[in-house]
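Notes follow the structure.
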Amino acid sequence: MKSFAVTVIATAALVAPLAWAQPKPSLLADKSALVADLMRQMTLEEKVGQLRLISIGPEMPAPQLAEEIAAGRVGGTFNSINHKEQRPLQEAAVGKSRLRIPVLFAYDVLHGHRTSFPIGLGLASTWDMDAVRLTARTAAVEAAADGVDVTFAPTVDISRDPRWGRTSEGFGEDPHLVSQVARAMVQGFQNGARRGEVLQRDSIMASVKHFALYGAVEGGRDYNIVDMSPMRMYNDYLPPYKAAIDAGSGGVMIALNTVNGQPATSNTWLLQDLLRKDWGFKGVTFSDHGAITELMRHGVARDEREAAKLAITAGVDMSMADQVYLKELPGLVKSGQVPMKTLDNAVREVLGTKYDLGLFHDPFLRIGKAEDDPADLKADSRLHRPPARDVARRSLVLLENRNRTLPIAKGASVALVGPLADAPIDMIGVWSAQAVWKQAVTLRSGMEQALAGKGKMLYARGANVSEDKAVVEYLNFLNWDEPEVVQDKRSPQEMIDEAVAAAGQADVVVAAVGESRGMSHESSSRTRLDLPESQQALLKALKATGKPLVIVLMNGRPLTLGWEQANADAMLETWFAGTEGGHAIADVLFGDANPSGKLPLSLPRSVGQIPTYYNYPRLGRPFTPGKPGNYTSQYFDEPQGALYPFGYGLSYTEFEVSKPVLSASTVKAGGTVEASVTVKNTGDRAGETVVQLYIQDVAASVVRPVKELKGFRKLMLQPGETQVVKFAIGNEQLSFYNQQLQRVSEPGGFNVQIGLNSRDVQEASFELLP
Ligand code: BGC
C-alpha cells in the first residue's frame, strides 16, 4: 500500500483563546494526582454532571447547553463539530464552571470525517490493514481539526445476518479479520497511542462499539435480543472488542441489546467481570443513545431511579442523551443506595479520559483559536482525495468476469444506466460524518472523466431505487436534513425504454444498481435482500438487448444475487465507496486499477438460507455433495452453500497457489509449525491477491468450526512472478475457548488449508503432541 502524507489542515491553538487557569504544573504532570485533587473539591452534583453527555438539539439549544456546562452539569457533548458552536461551550466549562473542568466533544467518525472512505464492509474488503489504518488516521486528522476529541468507533460487531442494516457499518462475519481491522482502526484514530497515553492534537480517542454482540440480534431485526452460548461468544463474537481494547481503545460504547437476558447497559457481568476484571480495561464507558432510560422498556427497571442505579452499578460511566443520572444519582448516593465509591469510579474515568485527551493541558487543543478557523469548513481543500481514491479501489470486489468483459476499452461506447449511477448521496454511505454529498464523485462523473475525449458514454437512469412508497418514505425520513431521495416521476416502463435505447447504441452496458444508503442503516432491517423489483425489471430488459452487461453493485449488506450471478457478464461489488467512489470504480472498470478486494462475509443465495457464514460448527450429518435428500443437513429446494464464499474476489490476472508444505508433521505443545505456499501470477498483468490460512481442528473436546481464518497476507505480483508465503502456526492459531471458557489448545490432528478464498483451498495436516 502506497503511503500518503496526512496533512493537518486547520492550525490548532498553541495558546488558548481565553485566559483559563491551567492546573499547577505538578498536577498537570501527574494524572492521578490531578484527578484526585479535582475529586476532593467536587460536590456530589458536580460529580454527577461529569457523567452527562448531551448534544445541542430542540430541547437543549446552544445557549442553554452553555449554561448547563457553566453550572457544572455536563461532562461532554456530542454532535458539535463547528468551532463556532464548540468554542462558547468550552469557554463556559473552563471560564465559568466552578472547577474549570473542560468538556469533551464526541462524534460518530466511522469511515472518514470530511472525506468519506468506503463504508465498513468496503474497508474490510481491502484485507489491507495499512489501508484501513490510513483511513482512520486521515479521519482523525480531519475530525480533530473540527474539534472532535472522541469518536464512537470502530463498530466491530460480527454480523452473520445481513438482514441487519448495520452490517454495513461493521467489518463482516469473521473474528480474525474483524479483529485485525478493529486494531488497525484504533491505531489509526489514536495514532498508535494506547489507552492512558496522552493523545496528540491531531488524534482522536476511539470508543469501540457496540459492547457486546450487537450484530447477533435475533432475526437480524435491529435492537432485538441477543441470546448466545458463552462458548460462541468467547470464540466468535468477543474477540474483535478485545482486539480494539488491546490496541488501546480509550473508550467502549455499550450496546443497546440484551446479552443473555440482561441488557448490556445493566449487565454487571459484561461491564465489570469481563471488561474490567478479565480484560483489564481502564478507560471510559459510554451508554448508547438513551439506553439507560430504555432499561425501563426492557422491563428490568421499574422507574428512572432504578434504571440509574442499575446502570451505574453495572459500570456505565457516561450516559448519552439520558437525564436519569442527573435526576437520580444524587438521591441514590445520598440515600446510600449507590455507594459514593461507585460514582467516584465513573467520575475518575471521565476525568482521566479528559487528561488523556490533552484537555487539561489545553482545553482548546482541537478547537483552536477563532482567527485560525477555516473560512469554509466544507472547502474541498480540506479533503484528502488521493487516499480516498486509492483505498476505494482496493475495496472493490470483482465477483464475475466472463469472457474478460472487464476491463472495458476506453475507446468503447458505453451505456451507463441505473438509479445509483449518479447518486452522490448514496456514494458516501450512512454514518458519513461531515462528508458533503455534493463533493462525492458519482460513477457517472468518474466514467465521464475517464472517457473524456476517448470513448462515448450514454446515460439513462433506467429505474428508481424502489417504487414502493413505504420504502421511499422510510428513506426520506432517514435522510434528515439532506435532500429527499431522488424519485423520477416517469413511469417505470418509460425509464426502462430509455435505458434500453441507450444500450442499443452501446458496445457494453454498465448498470449501477443496489440499495439507497438508508436501506443499510441503523434500524434498517430488511426481510428481502434481493434488488427491488424496479431494478430487477431494468436488468432483465437490459439483458434482453444481448449487449454485454456489467453490473456494478452499490449496497451496504450482502444481497441475494441469483439472477445477477447467472446473467451478468461481469459483476463488481462496490459497497458504498465514498467521496472518490466514482473515480475508483471507473479506474477498475477501465483497467487503470486491477481489483483486489475480497469478501469479508459470505453472500447468501436466499434469505431462507441465512445464516450463511463460512466458519459454522461441524455437524453429525453435514451436507454431502452428490447425495441430496439422504438425511443430511441441507435445504432441498436450493443448492447448498454461499453464492459467493467468504474471502472470494477475482482479479484481472490469475494466480496459482501450490499445495501447502509444512515444516513438520508433528509439533510439541507450545511449539510452532510453519506452513508455506508458493503463489504465482500466471496471468498477463500485475495484480494483488490475498493468501488465506484456515485451520480445522480434526477432533476436539467440543464441536469446532469446519474451518477458521487464522492468517492472511496481501501481496502484489508482476506477471510470471512467484512468491513464497509463510505462516507460523502456534498456540494462538490452534487454541480456543472450551466449555469451561478456558483457552486451550488440545493435542491431536489439525488440517491446514490455504487458498485465495475460504472454499477453494488445499490441505496439509499435522499432529499437535501433548
Ligand atoms: C447508535 C450509536 C451512535 C449513537 C450516537 C446511536 O443511535 O446506536 O452507534 O454512536 O447513536 O450517534
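The values are calculated or read from the model by the stated rules, or taken from the named source; none is laboratory data. Values in this document were obtained by computation on a predicted structure and should not be read as measured data. Here the Cβ positions follow ideal geometry from the backbone for every residue, glycine too, while neighbour counts run over all protein chains shown. Quick note on the areas: whole protein, heavy atoms, side chains included, nothing else; ligands and nucleic acids left out. Shrake-Rupley method; radii C 1.70, N 1.55, O 1.52, S 1.80 Å.
Per-structure values
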| read-out | value |
| --- | --- |
| Pairs of alpha carbons in region 627-698 whose separation is greater than 21 Å (percent) | 55 percent |
| Portion, in percent, of the accessible area of region 655-769 that falls on carbon or sulfur, probe 1.4 Å | 46 percent |
| Region 626-701: trypsin sites (Lys or Arg not before Pro) in DSSP loop, at most 15 other beta carbons within 10 Å | R685 |
| Rounded percent of accessible protein surface that carbon and sulfur make up, region 478-593, 1.4 Å probe | 51 percent |
| Kirkwood hydrodynamic radius (C-alpha pairs) into Stokes-Einstein, region 655-769, 20 °C and 1.002 mPa s, D in µm²/s | 145 µm²/s |
| Nearest 10 degrees, 0 to 90: helix 340-356 Cα axis against the chain principal axis | 60 degrees |
| Gain in span if fully extended, F636 to Q41, counting 0.36 nm per residue against the direct Cα distance | 207.2 nm |
| Share of alpha-carbon pairs per 20 Å distance bin for region 31-372, given as whole % | 34, 60, 7 |
| 222 nm mean residue ellipticity, helices alone, for the chain (DSSP H n ≥ 4; -39,500 (n - 2.57); rounded to 500) | -8000 deg cm²/dmol |
| Eligible lysines near K598 by straight Cα distance, threshold 23 Å, same-chain separation 8 or greater | K2, K659, K680, K707, K710, K714, K726 |
| Degrees, to the nearest 10: 175-190 long Cα axis against longest axis of the chain | 50 degrees |
| Portion, in percent, of the accessible area of region 34-174 that falls on carbon or sulfur, probe 1.4 Å | 49 percent |
| Rounded Å value of the spacing that divides the Cα centres of region 358-378 and region 297-337 | 34 Å |
| Dimensions (Å) - region 476-530, Cα atoms, principal axes, largest first | 41, 23, 17 |
| Unsatisfied cross-links (Cα-Cα over 23 Å) in the set K47/K84; K209/K354; K454/K547 | K47/K84 |
| Degrees, to the nearest 10: 31-41 long Cα axis against longest axis of the chain | 50 degrees |
| Net charge over other residues, Cβ less than 14 angstrom from the Cβ of E85 (K, R count +1; D, E count -1) | 0 |
| Mean Cβ count within 10 Å, highest first, over the residues of peptides 278-285, 741-748, 431-438 | 431-438, 278-285, 741-748 |
| Proximal aspartates and glutamates relative to K410, as straight alpha-carbon distance under 13 Å, when same-chain residues fewer than 8 apart are discounted | E448, D507, D587, D592 |
| For the chain, accessible area per residue (1.4 Å probe, heavy atoms of protein chains only), Å² | 36 Å² |
| Ordering of 468-478, 300-310 by burial proxy (mean other Cβ atoms within 10 Å per residue, highest first) | 300-310, 468-478 |
| Hydrodynamic radius of region 67-169 per Kirkwood, over alpha carbon pairs, in Å | 15.3 Å |
| The chain, Rg to Rh (Cα coordinates; Rh as Kirkwood inverse mean 1/r) | 0.98 |
| Positive-end residue of V677, V690, L662, charge dipole of region 655-769 with Cβ unit charges | V690 |
| Most positive-pole-ward Cα, I551, H521, A537, against dipole of region 502-579 from beta carbon charges | A537 |
| Calculated diffusion of region 321-449, Stokes-Einstein form, Kirkwood radius summed over Cα pairs, 37 °C and 0.692 mPa s, µm²/s | 157 µm²/s |
| Farthest toward positive dipole pole in region 34-125 [+1 Lys/Arg, -1 Asp/Glu at C-beta], among L34, H83, L121 | L34 |
